[in-house]
Amino acid sequence: MPNNRLTQLFREKTGNLLNVYFTAGYPKLEDTVTILEELEASGADLVEIGMPFSDPLADGPTIQASNMVALDNGMSLKVLLKQLEGVREKVTLPIILMGYLNPVMQYGFERFCEDAARVGVDGLILPDLPFAEYEEEYKPILEKHGLSLIFLITPQTSDTRIRQIDNLTNSFIYMVSSASTTGSQVQTNDAQQAYFSRVRNLGLKNPLLIGFGISDKNSFELACQTAHGAIIGSAFIKALQNAAEVRENVRSFLKSIKSEPTVQA
Amino acid sequence: MSKNYGVSERGYYGQFGGAFIPEMLYPNVEELREKYVQIIEEPEFQEELHLLLRDYVGRPTPLYHAKRLSERYNTKIYLKREDLNHTGAHKINNTVGQILMAKRLGKKRIIAETGAGQHGVATATVCALAGLECIVYMGKIDTERQKPNVEKMKLLGATVVPVTSGSQTLKDATNEAIRDWINNPVDTHYIIGSVVGPHPYPDMVARFQAIISEEIRNQLLEKEGRELPDYVVACVGGGSNAAGAFYHFLDEESVKLVAVEAAGLGVDSGHSAATSVLGKTGIIHGSKTLLMQTEDGQITEPYSISAGLDYPGVGPLHAHLAQSGRAQFIAITDADAMEALRELSRLEGIIPAIESSHALAALKEINAGPEDVVVLNLSGRGDKDLNTILTYFEQQDAQQ
Ligand SMILES: Cc1ncc(COP(=O)(O)O)c(C=O)c1O
């Protein structure tokens, strides 16, 4: 089992974890490290850096559009890993790279893991990597490089499958709040509450972070009452579109989420 | 099912296939995977399917001995007349099968992607027949290029959603249909239009198209006293008509299988859809297969004059047939396909679809002899392409 910044974070902090997603190379090619620094300074607990892809089929319009802009800006895995060189002298928060399998395959899976680990990445989210393939082919490679792989679950995921995922995972489980692509407006309803309590009652070993549709202080705090924390993606991408300078956009968005002390989960 | 080229338990053809899908799609795809074989093999399902294929689609389609075409190429050519199917192409074989599948699964809402609009029309048609809601995703650029098919789908009661994401063509329409399925995980069935997508789609669609080669065998026996031709030729976009035409010949090593891709302006022109030449192994729409992409793994936009062959990937079965050498892959340019289209029109009085014309143009490449029997799958008729055809020949005349 890897011992990285992710596993360490979850040992030290068990509630109100704020995980922020942004697309590498967006809004500008060179913003990646700036955004990372500002996120850490403004109180994010961990980050997911999106690796842009031409065909992001689990993503809604906001993240799709940011992927297109990032690719037009010239972002690629090579460029991203180059930008992340030396990043560990600047930030200490856990870094997860999130993206689709195809670009990683073309880079070379093993070489990618090696290079990512070397620059200080702690985990990967590859939503279209099925866990049967992961177990057979990819797990040893990730483990060799000390990287955690994070899996998603949805309201349709069966208890049995959630337990299997829990067994394979050693950082956290990404709990998709409702059947949707990223960025959808999620209404809290009975079915969703039933899903949350069903999962909570499974007594999983890994912490749960809720993602998809978490957009502001209110939805973040609600999610934190159910889970160990939450993931904000599309809403943050939208905040980066504001007219102000990028650091200021990051700072004011995080302030809006964390303005007052939150209730302990 | 084929011994050597059939799908494995895990959905693979050799090293290609599988189900590379996000968890949000897993329950839908898994439900289908668990049930599709059992449902297809139920006697009542088969009976209902065959009745519809006969009385609604118009099967069996003729196997026509094209004498003047045969003379021209100095070999014996049979055309499998999929162009005579209801809605004008082989696409309906699959949509009839899948609509019955959707009903067995208790689904209330049907989604589909379409490029040229043939699959969209075939889906809208069976949805009307079954009384199910139908939403068709179509790249915005394609809705403009293929207006008559958009109007047909609407007339049939379908909702056509123009897709403005990405490059606004078939691959993006497919992405958007998949996103719809993610957002509607309970009541919706996705009728995919070719032997692409996550397992079990390539196998399920191939099974529904396999009726083509089943009929060819029977018809050849009747006409030639033998079930096996020397060649089977078919065009490949995603690969469904070719999969259907090859299906019952896959294990018959004496039968040469010829898969014809679109070279567009030429394989090396930068405007091509010849995936087996230009593609590398990767993941597209949930399947590990050959696909056209940049060095960085971004999927590129293919080009062909034929909207139905304009797909950056190819089904995993075909990737396996290409890699194993079981099928010969030939790439045909726009110009050669259009010439073949005019040739068939004038020699036989049959106006083929531009897709099928690619297969016709391959006749001059395969060197079949006078004793050989060649079956060419004429996947569709050219009515839908009339505007493209007229514009193409007008421009050509203007240049001369
Ligand atoms: C007439 C015709 N032939 C062939 C194709 C290509 O599809 P496939 O390769 O799945 O048969 C299409 C697709 O629209 C078509 O309309």
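The values are calculated or read from the model by the stated rules, or taken from the named source; none is laboratory data. All figures in this text were calculated on a predicted structure; none of them were measured in a lab. Ideal geometry is used to build each Cβ from the backbone, glycine not excepted, and the neighbour counts take in all protein chains shown. Keep in mind that these areas ignore ligands, DNA and RNA; they rest on the heavy atoms of the full protein, side chains included. Shrake-Rupley method; radii C 1.70, N 1.55, O 1.52, S 1.80 Å.
Points to keep in mind about this one:
- Test: residue in segment B:50-69 that is in contact (Cβ under 8 Å) with a residue 40 or more places away in the chain and among the acidic types (D, E): no
- Among the criteria (1) aromatic (F, W, Y); (2) within 12 Å of chain B (Cβ to nearest Cβ); (3) closer than 17 Å to B:P185 by Cα, the one A:Y174 does not fulfil is (3).
- Among residues of segment B:213-238 that are away from every other protein chain (no Cβ under 14 Å), those with a Cβ under 7 angstrom from a residue that is acidic (D, E) and within 16 Å of the ligand (Cβ to nearest atom), sequence gap 6+ or separate chain, pair up as B:C235/B:E355; B:V236/B:E261; B:G237/B:E355.
- Summed over segment A:138-158, residues that are more than 13 Å from chain B (Cβ to nearest Cβ) and more than 25 Å from A:L84 (Cα to Cα) total 0.
- Test for B:H199: is it away from every other protein chain (no Cβ under 13 Å) and either among the hydrophobic types (A, V, I, L, M, F, W, C) or more than 11 Å from the ligand (Cβ to nearest atom) (or both): no
- Any hit, segment A:162-170, residues being part of a loop (DSSP other than H, G, I, E, B), away from chain B (no Cβ under 14 Å) and buried (at least 20 other Cβ atoms within 10 Å of the Cβ): yes
- Meeting the requirement of 1 or more residues that are modelled with pLDDT of 95 or more and within 13 Å of the ligand (Cβ to nearest atom), the helices (runs of 4 or more DSSP H) wholly within segment B:69-152 are B:91-104, B:118-130.
- Helices (runs of 4 or more DSSP H) fully within segment B:327-400 counting 2 or more residues that are buried (at least 18 other Cβ atoms within 10 Å of the Cβ) and within 13 Å of the ligand (Cβ to nearest atom): B:334-348, B:354-361
- Count of segment B:295-326 residues which are assigned to a loop (DSSP other than H, G, I, E, B), in contact with a helix residue (DSSP H, G or I) (Cβ under 8 Å, 6 or more places away or on another chain) and either over 20 Å from B:T169 (Cβ atoms) or polar (S, T, N, Q) (or both): 6
- The single condition among (1) within 14 Å of chain A (Cβ to nearest Cβ); (2) buried (at least 19 other Cβ atoms within 10 Å of the Cβ) that B:Q209 does not meet is (1).
- Residue among B:V150, B:V121, B:V96 that alone is aliphatic (A, V, I, L, M) and under 26 Å from B:P27 (Cβ atoms): B:V96
- For segment B:1-23, a residue qualifies if it is under 25 Å from B:D187 (Cα atoms) and either in contact (Cβ under 8 Å) with a residue 12 or more places away in the chain or among the polar types (S, T, N, Q) (or both), and the qualifying residues are B:G11, B:G18, B:A19, B:F20, B:I21, B:P22.
- Index of the failed condition, B:Y26 passing every other in (1) free of Cβ contacts under 8 Å to residues at least 24 places away in the same chain; (2) away from chain A (no Cβ under 11 Å): (2)
Listed here are the residues, each with its yes/no results for (1) open to solvent by less than 50 Å² (accessible area, probe 1.4 Å); (2) among the β-branched types (V, I, T); (3) modelled with pLDDT of 95 or more.
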residue	(1), (2), (3)
B:R10	no, no, no
B:Q15	no, no, yes
B:M24	yes, no, no
B:P27	yes, no, no
B:K35	no, no, yes
B:Q38	no, no, yes
B:E41	no, no, yes
B:H50	no, no, yes
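- Qualifying residue in segment B:252-274 (condition: part of a helix (DSSP H, G or I), in contact (Cβ under 8 Å) with a residue 12 or more places away in the chain, within 16 Å of the ligand (Cβ to nearest atom) and of a type in the set (V, I, T)): no
- The set of residues in segment B:53-75 that are among the charged types (D, E, K, R) and open to solvent by 70 Å² or more (accessible area, probe 1.4 Å) comprises B:R54, B:D55, B:K67, B:R68, B:E71, B:R72.
- Qualifying residue in segment A:88-97 (condition: within 14 Å of chain B (Cβ to nearest Cβ), open to solvent by less than 40 Å² (accessible area, probe 1.4 Å) and touching a Lys or Arg at 6+ places or on another chain (Cβ under 9 Å)): no
- Condition check for A:L81: under 24 Å from B:R179 (Cα atoms) and more than 16 Å from the chain's Cα centre (by Cα): no
- Some residue of segment A:178-193 being of a type in the set (S, T, N, Q) and in contact with a strand residue (DSSP E or B) (Cβ under 6 Å, 6 or more places away or on another chain): no
- Each residue in segment A:75-87 was checked for being assigned to a helix (DSSP H, G or I) and at the interface with chain B (Cβ under 10 Å from one of its Cβ atoms), and 3 of them qualify.
- Test: residue in segment B:120-140 that is open to solvent by less than 40 Å² (accessible area, probe 1.4 Å) and charged (D, E, K, R): no
- Residues in segment A:45-74 that are facing chain B (nearest Cβ under 9 Å) and hydrophobic (A, V, I, L, M, F, W, C): 6 in all.
- Leading residue by the ranking (surrounded by the fewest Cβ atoms within 10 Å (Cβ to Cβ)) among those in segment B:288-326 that are more than 14 Å from the ligand (Cβ to nearest atom) and away from chain A (no Cβ under 14 Å): B:G325
- If you go through segment B:242-251 and pick out every residue that is within 13 Å of the ligand (Cβ to nearest atom) and open to solvent by less than 10 Å² (accessible area, probe 1.4 Å), you end up with 5.
- Scope segment B:174-196; condition within 16 Å of the ligand (Cβ to nearest atom) and either in a loop (DSSP other than H, G, I, E, B) or among the basic types (K, R) (or both); matching residues: B:I191, B:I192, B:G193, B:S194, B:V195, B:V196
- Residue within segment A:154-165 that is within 25 Å of B:E31 (Cα to Cα) and in contact with an Asp or Glu (Cβ under 6 Å, 6 or more places away or on another chain) present: yes
- For segment A:114-137, taking the residues that are more than 14 Å from every other protein chain (Cβ to nearest Cβ) and assigned to a loop (DSSP other than H, G, I, E, B), the one that is surrounded by the most Cβ atoms within 10 Å (Cβ to Cβ) is identified as A:V121.
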